[in-house]
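The values are calculated or read from the model by the stated rules, or taken from the named source; none is laboratory data. Predicted model, so just to flag it, every value in this text is computed and none were measured. Backbone-built Cβ (ideal geometry, glycine too); neighbour counts: all protein chains shown.
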Amino acid sequence: MIRNLLTPLMMVVALLFWVSGCSDSPIEPGAIENLNLEDEFGGYTASMENPGFGDPELVDEAASDTEYNDEILASPEVGAVISCPRTGYYHLRAVWGRLCYDSTVTEVTDWTGSLSVSHGIEVIRRVIRFEPGQDYIICPRTDPKLIEWVSKTTVHNDGIAVDIFVPPIFDTTEVIEIDSLGDTSYIIVIDTSCSATVSFETGPYSRTFELEELKSLDTVVYLDDSNAVAFHAFELHRYPCPRGFLAGHWGFDENGEGRFRGVWWSKRPNFFDWYISGYLKGHFGKNNSGARVFFGKWISRTGEFKGFLKGTYDHPPRPEVTNAARKHAHGWFAGKIFNANRIEIGVLKGRYRSAPWYKNGFFQGWWKLNCNAIESDPADDKEGF
């Protein structure tokens, strides 16, 4: 939405949803931790922390991603689809605008548009930076397959987080069989596969996804004017391993050291709603072997230790790419989550955009804990994660 450039809120570090915003201020390491790139877990400890690692901006800006009470849930038709055990269940986050807060932007971009599913229903779960009184509207829901909005951005972004429920399509086919005696019989074959397309449509950018793509979607699309649209989605099972999103700032401090910090989203067990369950922070860089590595720490909202994070990252631009392509490129990161006993309990992955000459940077990604704490989920496609 359009914001008053003179308000104090615009000076606060912003976090992205499926993509959090960015900050120019340095990210300070924990005072009691000896951060490095050679230790097994980067020098982090399993100690208790202050909420948000003692960063009030991180805590305050987490509130920009808020729960939405979708009136479509009052429909008996919607309730029947959601409760059906054969219904496919997907979660999609879409954010549009300036992925990194940029106070120099004055031009308004009109993102008025819609999100629709060809078969099934959509439920808005959260809205991102859609504050009351600003230039936005979530239009009244009259069709469970359609979400419409009015959104205008300048220095930052808007977005939505949506649950998509796709019931099976009952397709019957009559098959003719002739036995050895020449007798003819007719057999009815019933196909109950789930199929649908999901369409994001706005003036600046539109795209249609096949349902199969939503099983593991992680993409950022940059437009010519430096606006962007970020999509992140995955399929959820009725009794899934715990999983969710993470997003925040990925950049460099005043000493040129790589740092990241952000927010951790989770889905409440046995419910369909999503909430901010914690925070993460970490550092990245090349170790003595020349490998690009990152280390971090995950805590709850109250500061309790939840896990160590470690993995690798890279940025794909090759020397021969053009300056324009390099400007819009983003890297990837992938790693594992460990408990206080240093036992692997899950994985995380995502994308980032940052460079030493580019102050503001961001990351977005998603995480998954193994079922039963130490065993992987056999239903998950490891490569797809």
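I need the full set of residues from the range 332-359 which are surrounded by fewer than 20 Cβ atoms within 10 Å (Cβ to Cβ) and modelled with pLDDT under 85, in order please. If the condition is that a residue be surrounded by fewer than 20 Cβ atoms within 10 Å (Cβ to Cβ) and modelled with pLDDT under 85, then Ala355, Pro356, Trp357, Tyr358, Lys359 are the ones that fit.
One line per residue, one yes/no per condition, for (1) within 30 Å of Gly251 (Cβ to Cβ); (2) at pLDDT 95 or above; (3) in a loop (DSSP other than H, G, I, E, B):
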| residue | (1), (2), (3) |
| --- | --- |
| Tyr90 | no, no, no |
| Cys100 | yes, no, yes |
| Leu115 | no, yes, no |
| Arg125 | yes, no, no |
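In the set (1) in a strand (DSSP E or B); (2) at pLDDT 90 or above, the condition left unmet by Gly251 is number (2). Please go through the range 58-83 and pick out each residue that is within 25 Å of His249 (Cβ to Cβ) and not hydrophobic (A, V, I, L, M, F, W, C). Matches in the range 58-83: Asp60, Glu61, Ser64, Asp65, Thr66, Glu67, Tyr68. Contact annotation: residue pairs with Cβ atoms under 7 Å, 6 or more positions apart or on different chains, pairing a residue in the range 23-42 that is of a type outside the set (Ser, Thr, Tyr) with a partner that is surrounded by 13 or more Cβ atoms within 10 Å (Cβ to Cβ) and modelled with pLDDT under 50, are Leu35/Pro29. Of all the residues in the range 105-128, those that are under 21 Å from the mean Cα position of the chain (by Cα) and more than 18 Å from Gly159 (Cβ to Cβ) number 1.
Yes or no, residue by residue, for (1) closer than 24 Å to Lys336 by Cβ; (2) among the polar types (S, T, N, Q); (3) touching a His at 6+ places or on another chain (Cβ under 9 Å); (4) in contact (Cβ under 8 Å) with a residue 24 or more places away in the chain:
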position	(1), (2), (3), (4)
Ala46	yes, no, no, yes
Glu49	yes, no, no, yes
Phe53	yes, no, no, yes
Pro56	no, no, no, no
Ala62	no, no, no, yes
Tyr68	no, no, no, yes
Leu73	no, no, no, yes
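When residues in the range 244-261 are screened for being more than 16 Å from Phe295 (Cβ to Cβ) and of a type in the set (D, E, K, R), 1 of them pass. Residue count for the range 62-110, restricted to those that are of a type in the set (Phe, Trp, Tyr) and more than 19 Å from Ser266 (Cβ to Cβ): 2.
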